[in-house]
Amino acid sequence: MNITQILLAAQSADGNLRTVAEGNLKQFQEQNLPNFLLSLSVELSEDEKPPESRRLAGIILKNSLDAKDSAKKELLIQQWVSLDPSIKQKIKESLLITLGSSVHDARHTSSQVIAKIASIEIPRREWQELIAKLLGNMTQQGAPAPLKQATLEALGYVCEEISPEHLEQDQVNAVLTAVVQGMNQTELSPEVRLAAVKALYNALDFAESNFANEMERNYIMKVICDTAVSKEMEIRQAAFECLVAIASTYYVHLDPYMQTIFNLTANAVKGDEEAVALQAIEFWSTICDEEIELQEEYEGSDDANSTVNYRFIEKALPSLVPMLLETLLKQEEDQDQDDNVWNISMSGGTCLGLIARTVGDAIVPLVMPFVEGNIAKPDWHCREAATFAFGSILEGPSVEKLAPLVQAGLDFLLNTTKDPNSQVRDTTAWTLGRVFELLHSPTSANPIITTANLPRIMNVLLESSKDVPNVAEKVCGAIYFLAQGYEDAESISSVLTPFLPNLIAALLSAADRADTTHFRLRASAYEALNEIVRVSNVPETSGIIGQLLQEIMRRLNLTFELHILSSSDKEKQSDLQALLCGVLQVIIQKLSSSDAKLIIAQTADQLMLLFLRVFACHSSTVHEEAMLAIGALAYATGTDFVKYMPEFFKYLEAGLQNYEEYQVCSISVGVVGDICRALEDKILPFCDGIMSVLLKDLSNSMLNRSVKPPIFSCFGDIALAIGDNFEKYLPYAMPMLQGAAGLLAVLDHTDEDMVDYGNQLRRGIFEAYSGILQGIKGAKAQLMIPYASHLLQFTEAVYKDRSRDESVTKAAVAVLGDLADTLGPSSKDLFKSNLFHVEFLRECNDSDDEVRDTASWAQGMINQALVS
């Protein structure tokens, strides 16, 4: 087979030729993988071959070593590892030769493939000579610039692919030396210098001990700062990217260089090209992130060994804030039309917001003169910048500092919603949303929104919801936050009742706009509607909400009539159904938690029919929002829900089986819990089906781990619902619980995510045991005796583990009480020989009320068992 001809034919404009060539390549790959990969690497390395065949050879080679899907990637790694070593050696030699090619594409691809192989071999302590070979290219006398550029690129990619522990320190030192030399101004080729700066960026994680050494650190920082003023824009940008990375990785070492860096960033922000200026601002945003994290971590603690907070932002404030305020005036025309726009004014405003969170009140006097000086100027750029500056500093400073300013400026903001310029109106609506989100608290002594100004605010919002889509979307956001302020003060939320009909009408009409190519306006309108329903005061609003329920059902019904011609039509239909099911869920929850339950009872049949039709639209996946709405309906209708089960069960089962889309699976598990609570023992006929899928899920290694804790809790829900009928599932469920408990013993406590997951898993296991113990209590209680001592050992291990959180403590204590309550006198000896419970329950006296109450109940149960 002539591989060159086949590779060219595979890119032919003639479809038939292409199909045949692709078939040939696939056949060669399947029948003789080692030679297939070798011939690709040879094709890539030979400069006399056509650039098109070399490019495709490189792409196929790279895709034979790496894939996005983790299971596929593992398979490709195993394939490579099991190749004959002599073939691998030849492929690697071809790739190293290609770094010297005169064709840029071939060099570039080769450096990527080298890094992919390195990511497989270096962690296995293979190809140990690679770094030395690459460094040899850099140090050989008269090495051509293209070779140096490709070698630096390869070094950078290798550092990106492997972890610091896989290189020896002397290798790291040699890499850094080569890279820093490549950045030196004496290097005449700008391509080599750019590749060197990019390689340094990827190598920074390896440089920990070099940064800890003052001399080496000074040298690296000097070279980066010199490079930040190179005459080539791309090189300057890459140097600032290095500074951004250093700000987050090596914050503690930055102090001696800050004055130099301030001058560099100030010059870049004032006069450099946007790509460079953006990185210069990003440097300060990153410093803010670091200092905010330090403040949160050591809040209120006098920890002597806490990481030093140098308060760089506080020190730079007087020069930094004016520099950023200037950037706000560099808006682009129509930037409000594009949600993804990222330019210097957006970046400057974002950084200002982070500074406000870092230094709090100190920013206010530096920003307010700018706001006051520009808010009324004829040039719209000035008005928009002033509003953006004000909106950006609302999070961080104290309410005491901000409230008077907002109270004084609110009327002005409300007037600005009528500004002739749409960008000013857009930023004004966003700022109003921020005011309501961060400062509106109806129960505070000096509220921003009062009965006096609420009618005016409402009129402005209702009027502005008709504005152009991007402004209307932000207005819906402001309505959302306005309503949310009343969430914890339901009695006060009556003040919204008179406005409810108009608000609902305005939001429905915003959602209906013919110009909803802006999907975000529609989503924003429905989210605001949900919040208004959530905070509304039932019973006085139940009539209005009942009407809304009918309207949303009508709208959901219309989605089944949409003409679906393409996958994007299908997606739009699905998105709209998701929003409408979301509103229905909120309405069902609202009305069922009150005397208005009757409204739900009367419409339950229609609702269920709609939800089932939504499922029927989606052959492959179960619709998450419809599933959640059904959970709410089950809660609302109680045992009457049983009549829907035969029709609904197949969709529930499909959701539970859908381990690939684990959120769907997780939501379906939650809905099983809702249905158990609603149906109680009427769920029994469906339990075999449910339990068999749940047990399969737990044994499935592909299922995302986050679904496992809710499945265990669900065992408890099922047992509570069906009582001692759970007996038949004990031989299957209990080993699963014990296996998961064993897994917890070997959890990595240094990883915060794993500690969180460990707590979720413990809580799930305890909730399962509690439900099963309470369900089996009575005539068949003795069934639990064989599992009791394992349960106590597990509880003791959790008691001794200091990483448990309060919710786990409460669940563990509840299990102790349930065990004593269910087994009664039979648990006497167990509690006598496992005395940890005495100390555990005593310790709970220092916890919150819920834990204390649970502990005192558990203590009572154990005492009864002990004296029996």
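The values are calculated or read from the model by the stated rules, or taken from the named source; none is laboratory data. These figures come from a predicted structure and were not determined experimentally. Heads up, the Cβs are rebuilt from the backbone with ideal geometry, glycines too, and the neighbour counts pull from every protein chain shown. For accessibility, only protein heavy atoms count, side chains too; no ligands or nucleic acids. Shrake-Rupley method; radii C 1.70, N 1.55, O 1.52, S 1.80 Å.
Worth pointing out:
- Filter pass, residue 136 being free of Cβ contacts under 8 Å to residues at least 12 places away in the same chain, in a helix (DSSP H, G or I) and closer than 17 Å to residue 195 by Cα: yes
- Filter result for the condition that a residue is modelled with pLDDT of 90 or more and farther than 24 Å from residue 561 by Cβ, over 602, 585: 602
- Within the stretch 9-18, the set of residues being open to solvent by 60 Å² or more (accessible area, probe 1.4 Å) and either closer than 26 Å to residue 79 by Cα or assigned to a loop (DSSP other than H, G, I, E, B) (or both) comprises 11, 13, 14.
- Scanning the stretch 360-417 for residues that are of a type in the set (Gly, Ala, Ser), open to solvent by less than 30 Å² (accessible area, probe 1.4 Å) and either free of Cβ contacts under 8 Å to residues at least 60 places away in the same chain or out of contact with any Leu (no Cβ under 8 Å at 6 or more places or on another chain) (or both) gives 360, 386, 391, 392, 403, 409.
- Within the set 424, 341, 359, the sole residue that is closer than 22 Å to residue 479 by Cα and touching an Asp or Glu at 6+ places or on another chain (Cβ under 8 Å) turns out to be 424.
- Single unsatisfied condition, residue 784 versus (1) open to solvent by 10 Å² or more (accessible area, probe 1.4 Å); (2) aliphatic (A, V, I, L, M); (3) assigned to a helix (DSSP H, G or I); (4) over 29 Å from residue 627 (Cβ atoms): (1)
- Within the stretch 465-481, the set of residues being more than 26 Å from the chain's Cα centre (by Cα) and open to solvent by less than 10 Å² (accessible area, probe 1.4 Å) comprises 465, 471, 472.
Conditions tested, residue by residue: (1) open to solvent by less than 50 Å² (accessible area, probe 1.4 Å); (2) of a type in the set (S, T, N, Q); (3) over 18 Å from residue 611 (Cβ atoms); (4) assigned to a helix (DSSP H, G or I).
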site: 645; (1), (2), (3), (4): yes, no, no, yes
site: 668; (1), (2), (3), (4): yes, yes, no, yes
site: 684; (1), (2), (3), (4): no, no, yes, yes
site: 687; (1), (2), (3), (4): yes, no, yes, yes
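- Once the stretch 741-763 is narrowed to residues that are within 24 Å of residue 785 (Cβ to Cβ) and either charged (D, E, K, R) or in contact with a Lys or Arg (Cβ under 7 Å, 6 or more places away or on another chain) (or both), the residue that is surrounded by the most Cβ atoms within 10 Å (Cβ to Cβ) is 762.
- Residue in the stretch 25-44 that is assigned to a loop (DSSP other than H, G, I, E, B) and either closer than 27 Å to residue 192 by Cβ or touching a Phe, Trp or Tyr at 6+ places or on another chain (Cβ under 7 Å) (or both) present: no
- Test: residue 342 is open to solvent by 40 Å² or more (accessible area, probe 1.4 Å) and touching a residue at least 40 places away in the same chain (Cβ under 8 Å): yes
- Taking every residue in the stretch 740-768 that is among the aromatic types (Phe, Trp, Tyr) and pairing it with any residue that is open to solvent by less than 40 Å² (accessible area, probe 1.4 Å) and in a helix (DSSP H, G or I), at least 6 positions away or on another chain, the pairs with Cβ-Cβ distances below 6 Å are 766/811; 766/812; 766/815.
- Residue list for the stretch 64-104, restricted to those being of a type in the set (Ser, Thr, Tyr) and surrounded by 19 or more Cβ atoms within 10 Å (Cβ to Cβ): 94, 98, 101
- Residue list for the stretch 552-572, restricted to those being closer than 20 Å to residue 628 by Cβ and either small (Gly, Ala, Ser) or modelled with pLDDT of 90 or more (or both): 552, 553, 555, 556, 557, 559, 560
- Residue in the stretch 118-133 that is nearest to residue 107 (Cα to Cα), counting only those that are open to solvent by 20 Å² or more (accessible area, probe 1.4 Å) and assigned to a loop (DSSP other than H, G, I, E, B): 129
- Sole residue being in a helix (DSSP H, G or I), in contact with an Asp or Glu (Cβ under 9 Å, 6 or more places away or on another chain) and surrounded by fewer than 17 Cβ atoms within 10 Å (Cβ to Cβ), chosen from 850, 839: 850
- Enumeration of residues in the stretch 796-835 that are in contact (Cβ under 8 Å) with a residue 24 or more places away in the chain, open to solvent by 20 Å² or more (accessible area, probe 1.4 Å), not charged (D, E, K, R) and not in a loop (DSSP other than H, G, I, E, B): 797, 799, 807, 814, 825, 826, 830
- Considering the stretch 427-452, the residues that are at pLDDT below 95 and open to solvent by less than 40 Å² (accessible area, probe 1.4 Å) include one that is nearest to residue 394 (Cα to Cα), namely 439.
- In a residue-by-residue description of the stretch 155-167, the property of being of a type in the set (S, T, N, Q) and open to solvent by less than 30 Å² (accessible area, probe 1.4 Å) applies to no position.
- Count of the stretch 700-735 residues which are over 30 Å from the mean Cα position of the chain (by Cα) and open to solvent by 20 Å² or more (accessible area, probe 1.4 Å): 8
- Scanning the stretch 181-196 turns up no residue that is open to solvent by 30 Å² or more (accessible area, probe 1.4 Å), closer than 24 Å to residue 162 by Cβ, among the charged types (D, E, K, R) and assigned to a helix (DSSP H, G or I).
Residues are listed down the side, and each one gets a yes or a no for (1) part of a helix (DSSP H, G or I); (2) crowded, with 23+ Cβ neighbours inside 10 Å:
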residue	(1), (2)
211	yes, no
216	yes, no
225	yes, no
230	no, no
238	yes, yes
242	yes, yes
245	yes, no
258	yes, no
265	yes, yes
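- Residue 522 in contact (Cβ under 8 Å) with a residue 12 or more places away in the chain and closer than 30 Å to residue 495 by Cα: yes
- Residue match in the stretch 454-465 (condition: farther than 23 Å from residue 408 by Cα, outside any helix (DSSP H, G or I) and modelled with pLDDT of 95 or more): yes
- Residue 308 satisfies every condition listed in (1) under 25 Å from residue 397 (Cα atoms); (2) open to solvent by 70 Å² or more (accessible area, probe 1.4 Å); (3) in a helix (DSSP H, G or I) except (3).
- The residue pairs whose first member lies in the stretch 851-862 and is within 18 Å of residue 806 (Cβ to Cβ), whose second member is of a type in the set (S, T, N, Q), and whose beta carbons are closer than 8 Å, counting only pairs six or more residues apart or on different chains, are 851/809; 852/845; 855/845; 855/847.
- As a summary of the residue check, residue 659 satisfies the conditions (1) closer than 17 Å to residue 678 by Cβ; (2) open to solvent by 10 Å² or more (accessible area, probe 1.4 Å); (3) in contact (Cβ under 8 Å) with a residue 40 or more places away in the chain except for the one numbered (1).
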